[in-house]
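Below is one structure, written out as structure tokens, with a few remarks after it.
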Amino acid sequence: MIAVIGLVVGVLAGLWLQPTVPVELQPYLPIAVVAALDALFGGLRAMLDGIFDDRVFLTSFLSNVVVAALIVFLGDQLGVGTQLSTAVVVVLGIRIFSNAASIRRHLFKA
Amino acid sequence: MTSRHGQPPVRVVDASMTLLNEVYRRPLDPGYAEAAARRTAGGSVTRRAPRVVTLLLLAAVLGLAIAAATLALRQPPTAAIAARQLLEKQIQQRTDDVAATQARITRLSGQIQTLQGDALGSTATELARSVQSESVAAGTVAVTGPGLRVVLSDAPATDPETQDPDARVQDIDLQVLVNGLWAAGAEAIAINGQRLTATSAIRSAGDAVLVDMVALSSPYTVDAVGNAGRLQANLARTAAGQHIATLRTTYGIGVDTSSQRHLELPGSGQVVLQYATALGPAATPTAAARRGAGASDASDVASSAGRTGGDGT
């Protein structure tokens, strides 16, 4: 619960403060946001499964975002940035989809 | 080697799909299950205060970062829209400036006309009349009279972005029509209220058709002062008539010809000549000769329009 409260507080602070993101980080933002979405859906599913854990949630959140950004960075350096971005989006997209399906089963029993 | 030690390993049917299966069947981070197992096994249930604070801080920072990222991702379009609006406002402002200046030119030309008339009227009526007719031919003064109105409009399109450029009215179409009208005996012509003079050019810049540097858009209303019936008959007989018929039948361009009892064509204002100077009175042809040269005047417009049009496209 602590993690969720902290996250909500952070998001509200972000909306209120409107901090500017450094230009160098701009290319990694879309992938980082998709990775964060994946972690969020994973956390929600774990919560419904009754096995939610603050530490695991935050660790997966942080590592997801960092690794996603890192992959894009690496891809950019190697000249395959677009392809790697696509790969990351496909993998994370599938995970988001199946987690969302699981959440749906929990909520609507269907 | 494995087969020698009893059971051979069972080959999974979809062995080549392990990566996809891994992604698809186990979308939840295994860490959750492990943590749950640890908890049921009787791990550390009680939490120390520093750790709670760390978690809270980390979560807050992550939330802040994600919010900032989302906001940053949503920003560019609004910036682009703002820039676009600024440009649109500038265009609007400049267009208004041009219109205001144009109106002022027309007003001042009118004054010049009256003053000229005043200066000449009492002494030389013949001279005054020749000045009058020449400024009509030159297109500098507003004229009124019966005539022919031809409206060309782009073929209807569902999506203007992907429309075939041939289905739009182009500079060459207007050039041909104007040439045809001059040849058919028009005395004054204006396109969408832009009076054509001896130095007028009809050309295209991008999607717009420029007449004397003023961008016009469909529908194009071409007003020609003259004997409407004769204009129409002569126009149909020339190559311009053929061209317009082709536009209508092949490209679906709207052509609407109507004879008007009363047309009002604005003057273009004073034509400023930077290089040309008039020769002495001895070389100036008489008013009658000049009147006869009206047709050549017209072909001047046509050829200049054709030339610049070719450059523009």
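For the reader, a short list of remarks on this structure follows.
- For region B:205-235, backbone nitrogen atoms closer than 14 Å to the point 7 Å from B:Leu87 Cα along Cα-to-C-beta are found at B:207.
- Linear extension gain, B:Thr249 paired with B:Thr277, 0.36 nm per residue minus alpha-carbon span: 5.4 nm
- Put a dot 7 Å past the Cα of B:Glu22, heading toward its Cβ, do the same for B:Arg51, and the two dots end up 3.0 nm apart.
- In this simple spin-label approximation, A:Leu12 and A:Gln77 carry label points 7 Å from Cα along the Cα→Cβ vector, and these lie 4.0 nm apart.
- Taking a ≥ b ≥ c as the square roots of the eigenvalues of the Cα gyration tensor, region B:14-116 is oblate, since a/c reaches 1.5 or more and a/b is not larger than b/c.
- Dipole magnitude of the protein assembly as shown about its Cα centre (Cβ charges: Lys, Arg +1; Asp, Glu -1), debye to nearest 20: 1840
- Extension gain for the segment B:Ile112 to B:Ala15, taken as residue separation times 0.36 nm less the Cα-Cα distance, is 25.5 nm to one decimal.
- If you take all other residues with their beta carbon under 14 Å from the beta carbon of B:Ser153, and give Lys and Arg +1 and Asp and Glu -1, the sum is 0.
- Net charge, B:Leu174 excluded, C-beta distance under 13 Å - Lys, Arg +1, Asp, Glu -1: -3
- Dipole size of region B:125-263 about its Cα centre, with +1 on Lys/Arg Cβ and -1 on Asp/Glu Cβ: approximately 580 debye, rounded to the nearest 20.
- Taking Cβ atoms as reference points and 13 Å as the exclusive limit, the residues near B:Val209 contribute a net charge of -3, counting Lys and Arg as +1 and Asp and Glu as -1.
- Anisotropy class of region A:2-108 from Cα gyration tensor, a/c 1.5 cut: oblate
- Rounded tilt (10° steps) of A:81-108 against the dominant C-alpha axis of chain A: 10
- Förster radius 25 Å - calculated FRET efficiency between B:Ser217 and B:Ser259, Cβ distance, rounded to 0.05: 0.50
- Put a dot 7 Å past the Cα of B:Ala99, heading toward its Cβ, do the same for B:Asp159, and the two dots end up 3.3 nm apart.
Quick note: the coordinates plus some simple rules give every number you see, no bench work behind them. On a predicted model such as this, the values are computed, not experimentally measured, just so you know. A quick note on method: Cβ atoms are made from the backbone with ideal geometry, for glycine too, and the neighbour counts reach across all protein chains shown.
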